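For reference, the structure discussed in these notes is given below.
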């Protein structure tokens, strides 16, 4: 390599390094509290009940508007506001009290939470309140709202969350960094609110 060519290469390298140095670093991931999920059920939620050895007492149930289910042999049982283990115990105790079974083994597994929601607002194609499901992430929620609009400022997306102690916390989420695989996706919890602002021209 001639001296002139070497000088030009070094000059180009220096210019590239200068450009990289001028580029702003990617925004840091926000510090969020651990996901807090209240697994109690509400109206329209669905769950499976299994009573060991009793197929006629097992199957899917949907919580009625008054917060109850109509359970075979037992009748109406209030389940609203109860966690799955509490529902299992309520069904078990009712079967014992009414002397249908001596020691029933009951399990409950929630299959769909319709009473728990996540809001996706601002510069998305279809702003909406969507059903929360276990494992829902911020990228998936935005996709369910049709994806970003043309004027979205992706890396200025705000996530607002109610913490376990009742405090409201808002953080900026670098969604573009997540989409490009440079940051991990963020799990959502019920009542999270995602707001995508408009890009400033």
*asked:* Given Cα positions, please report Rg to Rh for the stretch 46-112, the hydrodynamic radius being the Kirkwood one.
replied: 0.92
*Sort the stretch 55-172 into rounded, prolate or oblate with this rule: let a ≥ b ≥ c be the square roots of the eigenvalues of the Cα gyration tensor; rounded if a/c is under 1.5, and if a/c is not under 1.5, prolate when a/b is larger than b/c, oblate otherwise.*
prolate
*How much of the calculated P(r) for the stretch 116-196 lies past 23 Å, in percent of all Cα pairs?*
12 percent
*How many angstrom separate the Cα center of the stretch 127-169 from the Cα center of the stretch 82-120?*
30 Å
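None of the figures in this text is laboratory data; all of them are computed from the coordinates on show. Please read these numbers as outputs of a predicted model, since none were measured by experiment.
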